[in-house]
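In what follows, a structure is listed as structure tokens, so that the remarks can point back to it.
The values are calculated or read from the model by the stated rules, or taken from the named source; none is laboratory data. If you're wondering where the values come from, they're calculated on a predicted model, not measured in any experiment. Virtual Cβ from ideal backbone geometry, glycine too; neighbours counted across all protein chains shown.
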Amino acid sequence: EVLMRKGDMGREMYVVVRGSVEIVDDHGQVLKTLKDGDVFGEIALLEDVPRIATIVTRTPCLMLTLGRQPFEQILAATPDLRIVFEQMAAARRREAELIP
């Protein structure tokens, strides 16, 4: 199942509780697999930009979602957590630039 498509506007981020999802390119080629405990979708919330990747489920999944407003409230209350998410987002952007 497609969870998000590259270019869509993001309204929430996801935490993979159980299962796995794949980040795929425009041709369906798997770029990376995310598993239990991984998060995705945070860049769209941090930067208010369209999704930078397409994400599809690889196995049956249990996920938690966090919408923009609660995400922003948590980050406002926990500045150190904002730094962690900003560093994660920067690393993902660098990683995406290296993938053809």
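Details
- In this entry, Val16 passes the filter for residues that are aliphatic (A, V, I, L, M) and in contact (Cβ under 8 Å) with a residue 40 or more places away in the chain.
- Residue that is surrounded by the most Cβ atoms within 10 Å (Cβ to Cβ), among those in segment 45-57 that are in a strand (DSSP E or B) and under 12 Å from the mean Cα position of the chain (by Cα): Ile55
- Candidates Val56, Val21 - the one that is in contact with an Asp or Glu (Cβ under 7 Å, 6 or more places away or on another chain) and of a type in the set (A, V, I, L, M): Val56
- Of the residues Glu42, Glu72, Glu95, the single one that is surrounded by 12 or more Cβ atoms within 10 Å (Cβ to Cβ), of a type outside the set (A, V, I, L, M) and touching a strand residue (DSSP E or B) at 6+ places or on another chain (Cβ under 6 Å) is Glu42.
- Among (1) touching a Lys or Arg at 6+ places or on another chain (Cβ under 9 Å); (2) on the phi < 0 side of the Ramachandran plot; (3) surrounded by 12 or more Cβ atoms within 10 Å (Cβ to Cβ) - the single one Gly19 does not satisfy: (2)
- Cross-chain or 6+ apart pairs with Cβ under 8 Å, segment 60-80 first and touching a residue at least 40 places away in the same chain (Cβ under 8 Å), then of a type in the set (Lys, Arg): Cys61/Arg18; Leu62/Arg18; Gly67/Arg11; Arg68/Arg11
- Checking Pro60 against (1) at pLDDT 90 or above; (2) part of a helix (DSSP H, G or I); (3) surrounded by fewer than 18 Cβ atoms within 10 Å (Cβ to Cβ), the condition it does not meet: (2)
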